[in-house]
1. Output the residues belonging to the range 115-128 that are in contact with a Leu (Cβ under 8 Å, 6 or more places away or on another chain) and either more than 18 Å from Gly72 (Cβ to Cβ) or not small (Gly, Ala, Ser) (or both).
2. Could you check the range 182-214 and list, in sequence order, the residues that are among the small types (Gly, Ala, Ser) and out of contact with any Gly (no Cβ under 8 Å at 6 or more places or on another chain)?
3. Does Val117 qualify as being at negative phi, in contact with a strand residue (DSSP E or B) (Cβ under 6 Å, 6 or more places away or on another chain) and either surrounded by fewer than 19 Cβ atoms within 10 Å (Cβ to Cβ) or at pLDDT 90 or above (or both)?
4. Only one of Gly93, Gly72, Gly87, Gly81 is in contact (Cβ under 8 Å) with a residue 24 or more places away in the chain, outside any helix (DSSP H, G or I) and open to solvent by 50 Å² or more (accessible area, probe 1.4 Å). Can you tell me which?
5. What pairs come up if the first residue lies in the range 105-134 and is under 21 Å from Asn159 (Cα atoms), the second is among the polar types (S, T, N, Q) and open to solvent by less than 10 Å² (accessible area, probe 1.4 Å), and their beta carbons are under 8 Å apart, counting only those six or more places apart or on different chains?
6. Just to verify a result, which residue in the range 126-180, among those that are within 19 Å of the chain's Cα centre (by Cα) and among the small types (Gly, Ala, Ser), is surrounded by the fewest Cβ atoms within 10 Å (Cβ to Cβ)?
Amino acid sequence: MAKTSTIFVCSNCGYESGKWLGKCPACNEWNSFYEEKLSKSTGGSTAKEKKVVTPRKLNEVIGAEAARVKTGIGELDRVLGGGLVKGSLVLVGGEPGIGKSTLILQLCNSMSGDGKVLYVSGEESAEQIKIRADRLGINILFLGETDIDVIENNILDINPKLVIIDSIQTMYSEDITSAAGTVSQVREITSRIMRVCKSNEITTIIIGHVTKDGNIAGPRVLEHMVDTVLYLEGERYFSY
């Protein structure tokens, strides 16, 4: 059986409360709470069997040097510390239209020779991406989908070397009752992407929008879950 409970979540910082509050005690934002229903399974027979994990001594662990893959873009390699780490989760944020998708497509082109590249878009259609890809001379795998279950199944079936999620605010899970882009949805989607990609050593780049305050929409909970956060910023007063 599933037991349903209701909580209230701050859309600005992710603070959770058992009742509605006019002002968030964590970030002091007014009228930012929205209602969210949570379903918890109470049946013990359907629980998955947990694997047994025991502690290990650190001096018995064989250290491995993190292998980095060059992106082909010098400045991007520099801020990444020499390139993308295999199996890492990278968040790229920036204002709409600043060039996030174009930059990532260029990265896909240089990395397509190292294995399959899967571009998942919930905002633009295949035709829109193709126009930009043709201009850059790029040919990669494209998936226009927002359901995380479908996305996860495709990642496992294709087993690509690089996955692009554009953007995290458009993805949703049917297990969460709130709308796409809310704190709970972003947290659940990022957690599931992280699990499937880390377990299969798939490098993943998540594209996130920036709010009017200059923060990645989601909010900060998204930045704490990834390995690297990159901001793409432009000059407001000059052409370049």
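1. Lys116, Val117, Leu118, Tyr119, Val120, Ser121
2. The answer is Ser184, Ser191, Ser199, Gly214.
3. yes
4. Step by step, each of Gly93, Gly72, Gly87, Gly81 is checked, and only Gly72 is in contact (Cβ under 8 Å) with a residue 24 or more places away in the chain, outside any helix (DSSP H, G or I) and open to solvent by 50 Å² or more (accessible area, probe 1.4 Å).
5. The qualifying pairs are Leu107/Thr71; Ser110/Thr71; Met111/Thr71; Gly122/Ser167.
6. Taking the candidates together, the pick is Ala179.
The values are calculated or read from the model by the stated rules, or taken from the named source; none is laboratory data. The shown structure was predicted, so the numbers you read here are calculated from the model rather than taken from an experiment. Here Cβ is always computed from backbone atoms with ideal geometry, including for glycine, and neighbour counts include all displayed protein chains. We work out accessible area using only protein heavy atoms, side chains counted, and drop any ligands, DNA or RNA first. Shrake-Rupley method; radii C 1.70, N 1.55, O 1.52, S 1.80 Å.
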